[in-house]
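The values are calculated or read from the model by the stated rules, or taken from the named source; none is laboratory data. Every value quoted in this text rests on a predicted model; they were computed, and no experiment measured them. Glycine gets a Cβ as well: all are built from the backbone with ideal geometry, and neighbour counts include every protein chain shown. Ligands, DNA and RNA are stripped out before the accessible areas are found, and what is left, the full protein with its side chains, is counted by its heavy atoms. Shrake-Rupley method; radii C 1.70, N 1.55, O 1.52, S 1.80 Å.
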Amino acid sequence: MKRICIIGGGQLAWMMGDAAESLGLKLIIQTPHPTDPAVPIASETIFASIDDAIATTQLAACCDVITFENEFINLEALMPLAQQGVCFRPPLDALAPLLDKYHQRSYFQSIGLPQPDFRILEGEISQQPLNIPAFDEHSITLNELVFPLVIKARRHGYDGQGTFIIKDKNSFDETWKKLGKIPVLLEEFIPFERELAVIAARSVTGEVVVYPVVETQQENQVCRRVFAPARISATVVREIEAIARTLLNSLQAVGVFGIELFLTSNGKILVNEVSPRTHNSGHFSLDACETSQFEMHLRAVAGLPLGSPALQCESAVMVNLLGYEYSQNDYQEKRQKLATIPNSFIHWYGKTESRPGRKLGHVTVLLDSKEETQAQAIAQQIESLWYSC
Ligand code: ADP
C-alpha cells in the first residue's frame with residue numbers, strides 16, 4: 001500500500017478521502033489546525049505548520065510520496081530532503097517557477113504562452129531577497145504606470161486576497177501603501193469577455209489528460225460559480241488543451257494542475273495563472289466526471305495510470321457556498337433545501353466557523369442539456385437559497 005503525505009489539511013485534501021479509500025491509499029496530513037477538514041479522513045496527522053520542514057522530514061520517514069494541497073510551500077527548506085531522495089510529486093523543480101507570481105509570468109514567457117503584459121515594481125523597503133537581477137527587462141518605475149492595471153502580491157495571495165484592480169494613481173498609492181510598499185507584480189488589465197479554466201494532469205510516465213474547459217465567474221476576485229463545459233468554440237478548446245499540455249510537459253509535472261485563463265472579445269486566450277494542485281474550478285469533476293480531479297491527482301502521484309476526465313452528463317454547474325457572516329452555524333436547514341434541487345450534490349467541508357468569503361462548501365448540479373440559460377437559472381436558485389436571510 002502506498003502512503004501519501006499531503007502538506008495542508010483543507011478541503012482540497014479532504015476531498016481526496018473517498019478516492020484514497022477506493023484506491024487503497026493511506027493519507028497522512030501535515031497541518032497545524034486540529035479542526036481542519038482533512039484531519040478526520042487522515043490515517044495519521046502531524047500537527048505542525050505547513051512550512052515546518054522538520055515535521056516534513058519526520059513524515060518523509062513514514063510515507064512513500066509527499067504532495068501538496070496549496071502553494072504555500074517552503075521550497076528552500078524542502079530542497080535538502082529532495083536531494084536525500086525524498087519523493088515529492090509534483091517534483092520541487094516543477095514547483096519552483098510557479099510559487100511567485102512574477103516567476104510564473106517569466107516562465108510562461110520563456111515557453112511562449114500567451115498572457116497579459118506584466119511588469120515588476122520593486123519595493124521601497126526591500127523585505128526579502130528579490131531573486132531578480134538589478135536591471136530586469138520587466139522593471140517599471142512609479143512614474144511609468146499606465147492605468148487601469150492590476151496589482152498582485154507576488155506570493156501568498158489566494159481567492160483574490162493579494163489581487164487589486166486599480167483605476168488611477170490615487171488608488172494605486174493607497175493600495176500599495178496598505179501592502180507596505182512591498183515588491184509587486186503589475187499586470188495590464190484585461191477587459192475579458194469570459195474567464196475560463198482547465199484542469200490537467202500528468203502521470204509519472206508523462207501521460208497527460210485534460211478535463212473539459214469550464215467557465216468560471218468571479219465576484220470581488222473570488223470564484224462564485226463554474227459552468228462545465230464552457231460554451232466556447234472547438235478552436236478555443238483546442239488552443240487551451242495545447243497550452244495545458246505544453247505547460248505540464250515543459251514543467252515535467254506530476255499531478256493535477258489548475259490553469260486559469262481569460263478569453264477576450266476578439267477570441268484571444270491569455271493565461272492568468274497556474275496552481276500546482278487541485279483547484280476550485282475542478283470541483284464539478286467529483287460528481288460530473290468519470291474520474292474526479294482528486295482521484296486523478298492521487299493516481300498521478302501514486303504512480304498509477306490516469307483515469308478518464310470525461311463528463312458523464314451533458315453539463316454541470318458548481319456553486320461555491322461562501323460564508324456571509326461571522327457564525328458557528330452549520331446551516332443544516334439551508335443545506336436541506338439545497339438538497340431538494342434535482343440531481344444536486346452538496347459537499348460540506350465541516351468547518352467549525354463561518355466568516356465572510358470563507359469557502360464552506362459547494363453544490364454541483366448535473367444537467368441533461370448544454371443550454372446555458374438553464375445552468376444560469378440553477379446557479380441563481382442555489383445562490384438565492386444560500387444567501388437568503
Ligand atoms: P488569486 O491568485 O488570488 O486567485 P488571480 O490572479 O487569479 O488571484 O486573480 C483573481 C481574479 O482577479 C481573476 O479571476 C480575475 O477576475 C481578476 N484578474 C486577475 N488578473 C487580472 C487581469 N490582468 N486583468 C483583469 N482581471 C484580472
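Taking a ≥ b ≥ c as the square roots of the eigenvalues of the Cα gyration tensor of the chain, is the shape rounded (a/c under 1.5), prolate (a/b larger than b/c) or oblate?
Rounded.
Could you run the Karplus curve 6.51 cos²θ - 1.76 cosθ + 1.60 with θ = phi - 60° over the range 196-205 and give me ³J(HN,Hα) per residue in whole Hz, x for Gly and Pro?
10, 8, 8, 9, 9, 10, 10, 8, 4, 8
Is it possible to state the helix-based mean residue ellipticity at 222 nm for the chain, with each DSSP H run of 4+ residues giving -39500 (n - 2.57), the sum divided by total residues, to the nearest 500 deg cm²/dmol? What is it?
Helices in the chain give a 222 nm mean residue ellipticity of -7500 deg cm²/dmol.
Send over the per residue convex hull volume for the range 173-224, Cα only, as a whole number of Å³.
Residue-normalised Cα hull volume stands at 169 Å³.
Considering only Cα-Cα distances, which of the following residue pairs are longer than 23 Å: 101/181; 334/359; 181/351; 268/359; 2/359; 177/268?
With Cα atoms farther than 23 Å apart: 181/351; 268/359; 2/359; 177/268.
Tell me the relative contact order for the chain as a rounded percent, counting alpha carbon contacts under 8 Å between residues six or more apart.
Relative contact order of the chain: 14 percent.
Note down the accessible area of residue 279, probe 1.4 Å, to the nearest 10 Å².
20 Å²
Quick one: how many Å² of residue 246 are accessible to a 1.4 Å probe, rounded to 10?
Approximately 60 Å² of residue 246 is accessible to the 1.4 Å probe.
Which loop chymotrypsin sites (Phe, Trp or Tyr not before Pro) in the range 54-124, with loop taken from DSSP, have no more than 15 other Cβ atoms within 10 angstrom of their Cβ?
72
With only alpha-carbon atoms counted, please give the Rg and Dmax of the range 127-237, in Å.
Computed over the Cα atoms of the range 127-237, radius of gyration and Dmax are 17.8, 52 Å.
Quick one: divide the alpha-carbon radius of gyration of the range 161-320 by 2.2 N^0.38 Å and tell me what you get.
My calculation over the Cα atoms of the range 161-320 gives 1.12.
Taking +1 at the Cβ of each Lys and Arg and -1 at the Cβ of each Asp and Glu, which of 58, 110, 96 sits farthest along the dipole of the range 40-116 towards its positive end, judged by Cα position relative to the Cα centre?
110
Which shape class applies to the range 279-338: rounded if a/c is under 1.5, otherwise prolate when a/b exceeds b/c and oblate if not, where a ≥ b ≥ c are the square roots of the Cα gyration tensor eigenvalues?
Prolate shape, in that a/c is at least 1.5 and a/b is the bigger ratio.
Pull up all non-local amide H partners of residue 194: gap of 5 or more, or a different chain, and H-to-H distance under 5 Å with H placed in the peptide plane.
Distant-sequence amide H within range of residue 194: 263.
Show the residues, 5+ positions off or on another chain, whose built amide H is closer than 5 Å to the amide H of residue 218.
HN-HN under 5 Å from residue 218: 224.
Can you pull out the cysteines in the chain that have no other Cys Cβ under 4.7 Å?
Flagged as lacking a Cys partner: 62, 87, 223, 289, 313, 389.
Could you tell me the distance between the Cα centroids of the range 59-83 and the range 303-359, to the nearest Å?
29 Å
With a 1.4 Å probe and every protein chain kept in, tell me what percent of the accessible surface of the chain is carbon plus sulfur.
Carbon and sulfur together cover 49 percent of it.
Cβ under 11 Å from residue 9's Cβ, residue 9 left aside: what net charge do those residues give with Lys, Arg +1 and Asp, Glu -1?
Here the charged neighbours net out to -2.
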